[in-house]
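Student: Pasting a structure here, questions to come.
The values are calculated or read from the model by the stated rules, or taken from the named source; none is laboratory data. Here the structure is a predicted model, which is why all the values come from computation and not from measurement. When we count neighbours, we look across all protein chains shown, and the Cβ atoms used for this are built from the backbone with ideal geometry, even at glycine. Each accessible area value is taken on the protein alone, full model and side chains, heavy atoms only, with ligands, DNA and RNA left out. Shrake-Rupley method; radii C 1.70, N 1.55, O 1.52, S 1.80 Å.
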Amino acid sequence: MSDTQNKTHSMLILPGDGIGPEVMEEVKRVITWMEENRGLKFDISEDHVGGRAYDEYGVPLADKTLQKAKEVGAVMFGAVGGSKWDGVDYDKRPEAGLLTLRKELNLFANLRPALCFEPLVDASSLKPELVSGLDIMIVRELTGGVYFGEPRGIEELSNGQRRGVNTQVYETYEIHRIGHVAFDLARKRRGHVTSSEKANVMESGLLWREEMEIIARDYPDVEYQNMLADNCGMQLVRAPKQFDVIVTDNLFGDMLSDVAAMLTGSLGMLPSASLGEVGKGALYEPVHGSAPDIAGKGIANPLATILSFAMALRYTYDCGDEATLIEDAVNEVLKDGIRTADIQQEGKTLVSTSEMGDHILAALTKLNK
Ligand code: NAD
């Protein structure tokens, strides 16, 4: 039995609002399957977050929940939000629960894979030959840059005009820690890093580039290139398969990760991870929100959340084989023509959220033989 199988993996599950609890139910079944069939041991706690937490505790993230999030190996997060809480003060809105978690756990690295499952190549807005086999990882800096820099605000000027100000600011340590995440990841993948900034027009971009070049020297086995962010956006839709790991700042990462995500089709398929310092906080969540329009109907696609759990297995619990098993099971199920409504195609079998879960468990069992 391997080391990771002997360990007990602590996890906090926060299903949240809308379809969050529905898709998380299927993750819990996958966890049970892993315990019964792969010998993994989990110590799971569960709590409310977002609107549900506001209803229960009067805040979107209770202190005890935050404390627990700091103690466990990883948080599995569903989604938060809904019109029921539209009138609530900003600091108590469901989304504030997620922002507080990111800040308090110091989750500075956002990992967004753009993986094109072969049976879904037709769902992309690009030609199948451009996305077939696509496997990119975007590493976005999440706690710095222009979204947080000071000064910021809107000022009234004496001439009657108004001025909006935000500040793009990065310090060396912020660039280094995100850089190391990207290069370490590249070592476990295809060994290529592209760093994206606007060094041609922004001093903060020039600093980013200079520091990345310093980090690159520590990784002679990883191929490295710089690319201006506008060109990177263009290359992502022209020839996306040229990329392996893309590392970039908060603002450019926000945009480039959304562009890359859409190369693969549906929101219901996209996982993500947000990581802090090694061993000090990790949060895994689907990219999608709480989808109030389909909540309670049992038709949400649970695959993004199941794939987020696979990322937790790989990046927090060091169970890469089990992560690959889940990814293979997803591919197998899609290959068999099983589809939830969001990825439905002509001639394929339409299934509910829990039926998709049934198929994933069956595929796991088949592949585990
Ligand atoms: P959304 O991602 O919830 O939904 C966008 C569209 O995609 C909807 O039509 C929805 O039905 C569909 N969709 C999303 N996930 C799906 C899935 N798993 N299966 C099938 N279809 C799916 O985005 P939105 O509608 O802009 O926001 C709804 C709420 O979610 C808002 O309150 C928003 O603030 C919140 N939100 C939360 C997060 C988060 O918790 N991380 C992220 C984004 C939005």
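Student: Every residue in the range 160-174 that is more than 20 Å from the chain's Cα centre (by Cα) and under 21 Å from residue 245 (Cβ atoms), please.
Tutor: Correct list: 170, 172, 173.
Student: Considering only the range 268-319, how many residues are basic (Lys, Arg) and either in contact (Cβ under 8 Å) with a residue 40 or more places away in the chain or in a loop (DSSP other than H, G, I, E, B) (or both)?
Tutor: 2
Student: With 58, 51, 16, 82 as the choices, which residue is more than 12 Å from the ligand (Cβ to nearest atom) and either open to solvent by 10 Å² or more (accessible area, probe 1.4 Å) or touching a Phe, Trp or Tyr at 6+ places or on another chain (Cβ under 8 Å) (or both)?
Tutor: Only one candidate qualifies: 58.
Student: Of everything in the range 172-206 that's within 13 Å of residue 248 (Cβ to Cβ) and acidic (Asp, Glu), which residue is least open to solvent (accessible area, probe 1.4 Å)?
Tutor: If we take residues in the range 172-206 being within 13 Å of residue 248 (Cβ to Cβ) and acidic (Asp, Glu), then 197 is least open to solvent (accessible area, probe 1.4 Å).
Student: Separate question: Here are some residues: 115, 98. Which one is modelled with pLDDT under 95, closer than 20 Å to residue 319 by Cα and touching a strand residue (DSSP E or B) at 6+ places or on another chain (Cβ under 8 Å)?
Tutor: Working: 98 fails: closer than 20 Å to residue 319 by Cα.
Sole residue among the options that is modelled with pLDDT under 95, closer than 20 Å to residue 319 by Cα and touching a strand residue (DSSP E or B) at 6+ places or on another chain (Cβ under 8 Å): 115.
Student: While we're looking at this one, here's another question. Just for the range 211-222: of the residues that are open to solvent by less than 90 Å² (accessible area, probe 1.4 Å) and not aliphatic (A, V, I, L, M), which one is nearest to residue 250 (Cα to Cα)?
Tutor: From the range 211-222, those open to solvent by less than 90 Å² (accessible area, probe 1.4 Å) are 211-216, 219, 222; that's our starting set.
From what is left, the residues that are not aliphatic (A, V, I, L, M) are 211, 213, 219.
Working: 211: 16, 213: 19, 219: 23 Å.
Here the answer is 211.
Student: Would you tally the residues in the range 288-313 being within 7 Å of the ligand (Cβ to nearest atom), under 24 Å from residue 65 (Cβ atoms) and open to solvent by 30 Å² or more (accessible area, probe 1.4 Å)?
Tutor: 2
Student: So if I check each of 71, 104, which one is more than 25 Å from residue 355 (Cα to Cα), in the same structural domain as residue 300 (by TED's automatic domain parsing), of a type in the set (D, E, K, R) and in contact (Cβ under 8 Å) with a residue 60 or more places away in the chain? Full working, then the answer.
Tutor: Numbers: 104 fails: in contact (Cβ under 8 Å) with a residue 60 or more places away in the chain.
Of the residues listed, the single one that is more than 25 Å from residue 355 (Cα to Cα), in the same structural domain as residue 300 (by TED's automatic domain parsing), of a type in the set (D, E, K, R) and in contact (Cβ under 8 Å) with a residue 60 or more places away in the chain is 71.
Student: Another question, if that's okay. Pull up the range 85-102, narrow it to residues that are open to solvent by less than 70 Å² (accessible area, probe 1.4 Å) and over 19 Å from residue 278 (Cα atoms), then point me to the one that is nearest to the chain's Cα centre (by Cα).
Tutor: Step by step, filter the range 85-102, then rank; the result is 98.
Student: Residue check, residue 35 against (1) surrounded by fewer than 19 Cβ atoms within 10 Å (Cβ to Cβ); (2) touching a residue at least 24 places away in the same chain (Cβ under 8 Å); (3) over 23 Å from residue 293 (Cβ atoms), all met but one. Which one?
Tutor: Checking residue 35 against (1) surrounded by fewer than 19 Cβ atoms within 10 Å (Cβ to Cβ); (2) touching a residue at least 24 places away in the same chain (Cβ under 8 Å); (3) over 23 Å from residue 293 (Cβ atoms), the one that fails is (2).
Student: Pull out all pairs, ordered by first then second residue, where Cβ-Cβ is under 6 Å, the residues are six or more apart or on different chains, the first lies in the range 8-30 and is aliphatic (A, V, I, L, M), and the second is more than 11 Å from the ligand (Cβ to nearest atom) and in a helix (DSSP H, G or I).
Tutor: Note: pairs meeting the criteria are 12/68; 12/69; 27/309.
Student: Can you confirm whether the range 115-122 contains a residue that is surrounded by fewer than 18 Cβ atoms within 10 Å (Cβ to Cβ), in contact (Cβ under 8 Å) with a residue 12 or more places away in the chain and not acidic (Asp, Glu)?
Tutor: No, there is no match, as no residue in the range 115-122 is surrounded by fewer than 18 Cβ atoms within 10 Å (Cβ to Cβ), in contact (Cβ under 8 Å) with a residue 12 or more places away in the chain and not acidic (Asp, Glu).
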